[in-house]
There are 2 protein chains.
Amino acid sequence: MKVEGVPYRTIWVEADGRSVGIIDQTKLPHLFETIRLRTVEEAAAAIREMRVRGAPLIGATGAYGLCLAAARDAGDQNLDRAYRLLAGARPTAVNLRWALDEMRKTLAPLALPDRAAAAYRRAGEICEEDIAINRALGENGLRLIEQAAARKPAGEPVNILTHCNAGWLATVDWGTATSPIYQAQERGIPVHVWVDETRPRNQGASLTAWELLQQGVPHTVIADNVGGHLMQHGKVDLCIVGTDRTTATGDVANKIGTYLKALAAYDNTIPFYVALPSPTIDWTLADGLREIPIEERDGRELSHVTGRTEQGGLATVRVVPEGSGLANYAFDVTPGRLVTGLITERGVCAASRQGLSSLFPERISSRKGS
Amino acid sequence: MKVEGVPYRTIWVEADGRSVGIIDQTKLPHLFETIRLRTVEEAAAAIREMRVRGAPLIGATGAYGLCLAAARDAGDQNLDRAYRLLAGARPTAVNLRWALDEMRKTLAPLALPDRAAAAYRRAGEICEEDIAINRALGENGLRLIEQAAARKPAGEPVNILTHCNAGWLATVDWGTATSPIYQAQERGIPVHVWVDETRPRNQGASLTAWELLQQGVPHTVIADNVGGHLMQHGKVDLCIVGTDRTTATGDVANKIGTYLKALAAYDNTIPFYVALPSPTIDWTLADGLREIPIEERDGRELSHVTGRTEQGGLATVRVVPEGSGLANYAFDVTPGRLVTGLITERGVCAASRQGLSSLFPERISSRKGS
């Protein structure tokens with residue numbers, strides 16, 4: 001996607017063919033700065049410090065981290081050390097572990113002199129696969145936006161509500177929930193996006209708003225409290241959100257607060273879709289509420305807010321009195337019964353075992369007994 | 001209630017018998033500062049600048065504003081000017097207009113020399129009436145907490161979720177939604193309060209957390225996104241919120257986001273109560289969603305956050321990129337069908353015309369035709 005009119009991906013190999021460029025997402029939306037990663041240590045730090053975030057982008061950064069290690073010393077000992085360093089940078093990130101295993105599988109059988117080049121090739125493929133999946137699910141989601149547009153007077157924008165950042169900044173390109181939106185914009189379908197601020201980390205207000213602004217997509221930032229009111233008053237045509245993990249039965253774990261928006265959409269008969277690359281489906285799970293553990297994060301994310309001062313610098317202020325307790329659950333689970341459909345790279349299906357088995361028969365058939 | 005162990009009301013006549021003390025609520029929770037109002041202009045400014053807020057407290061401040069005017073010059077011309085000045089300070093505040101009319105009714109028939117003393121007397125009564133109503137509704141709400149406690153293992157705290165600040169800071173004393181909580185604490189019933197941060201103005205994190213902290217009530221501040229997750233996991237026993245305006249049919253206008261919590265409570269079969277002094281019932285309205293206009297406020301409340309810096313001062317930071325649209329709806333309407341009951345000074349009733357008519361037959365009977 002574009003930044004100040006210039007096409008960017010969220011991660012790229014620099015002109016030297018070796019070092020890796022990323023956008024420092026901790027500075028957004030106030031400063032656009034790129035960072036050049038030269039060592040596996042720098043790649044691990046970028047993941048740990050959340051300069052890159054979003055499951056697919058973390059995976060890609062891990063893959064390139066192994067490239068940086070292999071370029072320096074492609075021996076097994078060094079690669080093992082690099083693997084452990086990267087895997088430990090965000091221990092719960094499933095995509096990261098997957099990408100590192102892919103890299104290891106590729107490199108292990110090769111002679112040392114061939115490993116570095118093969119590493120960059122495989123990391124590049126991992127990025128291209130992510131882009132291809134996101135583009136495909138975007139095309140499937142685009143049809144839902146086209147249908148919504150057809151139900152409205154010609155020229156009126158389709159109002160789409162989204163939560164958190166399931167945008168291109170979370171992936172290598174296109175994003176998941178944003179991919180149908182960007183593709184609608186390319187086809188000239190007028191869209192307007194309601195952007196949930198997404199407390200406590202404000203990924204909506206800081207990242208989604210910023211990337212929509214860069215692509216010129218009309219949007220409005222709202223407090224997380226507002227979506228229900230908008231839906232009651234016909235101001236939302238459909239909701240599209242992302243997911244961190246979806247069960248084989250269509251229960252959706254996503255950023256905390258997603259469940260509340262799904263309830264409001266259901267109460268007002270507004271379509272509520274979840275956009276997901278199929279690797280985020282956990283085929284081993286049947287009950288999201290019972291089986292998906294919910295990460296509790298540092299209360300400081302809630303008690304302190306960082307933003308730009310009048311003078312242009314960044315500052316952090318405390319908004320909760322000292323002495324009050326804090327609880328910071330990062331995700332919630334939306335039961336499949338509240339989800340209108342899942343938008344995948346293979347098509348759109350019901351958020352149920354039957355729905356998913358219609359698109360991914362090879363996955364479900366192996367678990368017939370469950 | 002107490003501040004640092006000392007009993008306070010939110011408004012009082014100072015020892016000189018004339019000037020009026022208030023708490024500067026714009027500095028909370030970071031600084032506790034009181035202000036002495038000496039003129040009607042200062043009283044109007046305190047209302048306009050939201051140093052006092054909450055419908056009952058705004059009404060009381062308006063009443064004392066007229067006292068300050070009458071103490072200086074009790075002539076009709078001066079009182080009319082004072083009335084207009086105060087009424088214009090928060091034009092949509094129904095209680096403010098009501099309190100000013102009460103004062104005018106009291107003073108108009110009196111000789112000039114008697115007016116100032118009568119004004120302070122009537123303003124004092126308005127405060128005492130507010131306190132009496134809140135104490136009574138608190139006793140009615142207390143029984144719901146006692147029932148919830150009886151359903152739990154002995155000694156386990158009753159977990160109550162609240163939204164925004166319907167606390168003593170919004171009233172003269174006790175608060176509305178907090179009154180049952182403070183009374184439960186006085187009786188030794190263990191309670192724990194989940195405090196919704198309540199974006200965008202953060203009245204939960206700043207005011208409710210602060211006043212619970214001062215009373216020693218155990219509480220935990222959460223992002224507005226979290227309540228649904230807590231309810232799914234059995235961590236909320238009941239919800240109690242306040243209201244700005246309730247229809248004769250039990251639809252409840254309250255701080256934006258209330259509707260989302262009511263949906264989650266309904267979905268998880270958790271009791272959802274609204275605490276309201278009967279003056280907030282608008283007997284002329286039958287359909288809250290269609291008939292209650294929702295105030296849109298300055299987007300800056302959303303784009304900017306004020307808090308305390310590490311150095312101890314207050315600072316304001318921007319959290320939304322320049323160029324993004326902002327929408328800031330202040331209230332939403334929760335349909336009566338999602339409300340378990342209304343807690344009033346006369347008792348608890350269903351959120352319906354029948355429910356309200358059982359407690360307030362004199363109001364409903366006059367509108368039999370509707």
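For segment A:64-86, residues that are surrounded by 19 or more Cβ atoms within 10 Å (Cβ to Cβ) and out of contact with any strand residue (DSSP E or B) (no Cβ under 9 Å at 6 or more places or on another chain) total 10.
Quick check on segment A:188-242: of everything there that is assigned to a loop (DSSP other than H, G, I, E, B) and of a type in the set (Gly, Ala, Ser), which residue is nearest to A:THR176 (Cα to Cα)? Taking the candidates together, the pick is A:GLY242.
Of all residue pairs spaced 6 or more apart or on separate chains, those with beta-carbon atoms under 6 Å, a first member in segment B:179-191 that is more than 9 Å from B:GLY141 (Cα to Cα) and a second member that is aliphatic (A, V, I, L, M) and in a loop (DSSP other than H, G, I, E, B) are B:GLN185/B:VAL217. Condition first: of a type outside the set (Asp, Glu) and either open to solvent by less than 10 Å² (accessible area, probe 1.4 Å) or away from chain A (no Cβ under 13 Å) (or both). Now tell me which residues in segment B:192-206 satisfy that. Scanning segment B:192-206 gives B:VAL193, B:VAL195, B:THR198, B:ARG199, B:GLY204, B:ALA205. Of everything listed in (1) more than 9 Å from chain B (Cβ to nearest Cβ); (2) of a type in the set (Asp, Glu); (3) assigned to a strand (DSSP E or B), the single unmet condition for A:GLU362 is (3). Looking at this structure, is A:VAL226 among the aliphatic types (A, V, I, L, M), under 22 Å from B:LEU230 (Cβ atoms) and either surrounded by fewer than 24 Cβ atoms within 10 Å (Cβ to Cβ) or under 19 Å from the mean Cα position of the chain (by Cα) (or both)? In short, no.
Take A:THR306 and decide whether it is within 11 Å of another protein chain (Cβ to nearest Cβ), over 30 Å from A:VAL252 (Cα atoms) and open to solvent by 30 Å² or more (accessible area, probe 1.4 Å). No, not satisfied. Of the residues contained in segment A:240-262, one or more are found to be within 17 Å of the chain's Cα centre (by Cα), of a type in the set (D, E, K, R), open to solvent by 10 Å² or more (accessible area, probe 1.4 Å) and under 25 Å from B:PRO321 (Cα atoms).
As a summary of the residue check, A:ARG337 satisfies the conditions (1) open to solvent by 60 Å² or more (accessible area, probe 1.4 Å); (2) outside any helix (DSSP H, G or I); (3) on the phi < 0 side of the Ramachandran plot; (4) at pLDDT 95 or above except for the one numbered (2). All of (1) open to solvent by 10 Å² or more (accessible area, probe 1.4 Å); (2) over 18 Å from B:VAL226 (Cβ atoms); (3) hydrophobic (A, V, I, L, M, F, W, C); (4) out of contact with any Lys or Arg (no Cβ under 8 Å at 6 or more places or on another chain) hold for A:TRP283 with one exception: (4). In this structure, does A:THR92 turn out to be in contact (Cβ under 8 Å) with a residue 40 or more places away in the chain, open to solvent by 10 Å² or more (accessible area, probe 1.4 Å) and of a type in the set (Ser, Thr, Tyr)? Yes: the conditions hold for A:THR92. Listed by first and then second residue, the pairs linking a residue in segment A:137-148 that is polar (S, T, N, Q) to a residue that is open to solvent by less than 20 Å² (accessible area, probe 1.4 Å), with Cβ atoms under 8 Å apart and 6 or more places separating them unless they lie on different chains, are A:ASN140/A:PRO180; A:ASN140/A:ILE343; A:ASN140/A:THR344; A:ASN140/A:GLY347.
Looking only at residues of segment B:50-66 that are of a type in the set (A, V, I, L, M) and more than 12 Å from B:ARG122 (Cβ to Cβ), we find that the one that is modelled with the lowest pLDDT is B:ALA55.
The sole residue among A:ALA170, A:ALA148, A:ALA132 that is surrounded by fewer than 24 Cβ atoms within 10 Å (Cβ to Cβ), at pLDDT 95 or above, of a type outside the set (Ser, Thr, Tyr) and in contact with a Leu (Cβ under 7 Å, 6 or more places away or on another chain) is A:ALA148. Residues of segment B:49-88 that are within 29 Å of B:ASP298 (Cα to Cα) and either over 24 Å from the mean Cα position of the chain (by Cα) or in a loop (DSSP other than H, G, I, E, B) (or both): B:GLU49, B:MET50, B:ARG51, B:VAL52, B:ARG53, B:GLY54, B:ARG81, B:ALA82, B:GLY88.
Hey, can you tell me all the residues within segment B:267-299 that are closer than 28 Å to A:THR220 by Cβ and in a helix (DSSP H, G or I)? Result: B:ASP267, B:GLY288, B:LEU289, B:ARG290, B:GLU291.
In segment B:309-326, the residue that is nearest to the other protein chains (Cβ to nearest Cβ) out of those that are more than 19 Å from A:GLU211 (Cβ to Cβ) and open to solvent by less than 30 Å² (accessible area, probe 1.4 Å) is B:VAL317. Scanning segment B:1-32 for residues that are of a type in the set (Lys, Arg) and farther than 28 Å from B:THR309 by Cα yields a count of 2. When each of A:ASP24, A:ASP101 is tested for being over 20 Å from the mean Cα position of the chain (by Cα) and either closer than 29 Å to A:ALA315 by Cβ or open to solvent by 10 Å² or more (accessible area, probe 1.4 Å) (or both), the lone residue that passes is A:ASP101. Within the span defined as segment A:260-267, one or more residues are within 14 Å of another protein chain (Cβ to nearest Cβ) and of a type in the set (Lys, Arg). Looking at this structure, is A:VAL217 β-branched (Val, Ile, Thr), crowded, with 24+ Cβ neighbours inside 10 Å and within 12 Å of chain B (Cβ to nearest Cβ)? No: the conditions fail for A:VAL217. Among the residues of segment B:173-187, those that are out of contact with any Asp or Glu (no Cβ under 9 Å at 6 or more places or on another chain) and either part of a loop (DSSP other than H, G, I, E, B) or open to solvent by 10 Å² or more (accessible area, probe 1.4 Å) (or both) comprise B:THR176, B:ALA177, B:GLN185, B:GLU186.
The values are calculated or read from the model by the stated rules, or taken from the named source; none is laboratory data. In this text, all values refer to a predicted model and were calculated from it rather than measured experimentally. Neighbour counts are summed over all protein chains in view; Cβ atoms, including those assigned to glycine, are modelled from backbone coordinates with ideal geometry. Note: areas computed on protein heavy atoms with side chains; ligands, DNA, RNA excluded. Shrake-Rupley method; radii C 1.70, N 1.55, O 1.52, S 1.80 Å.
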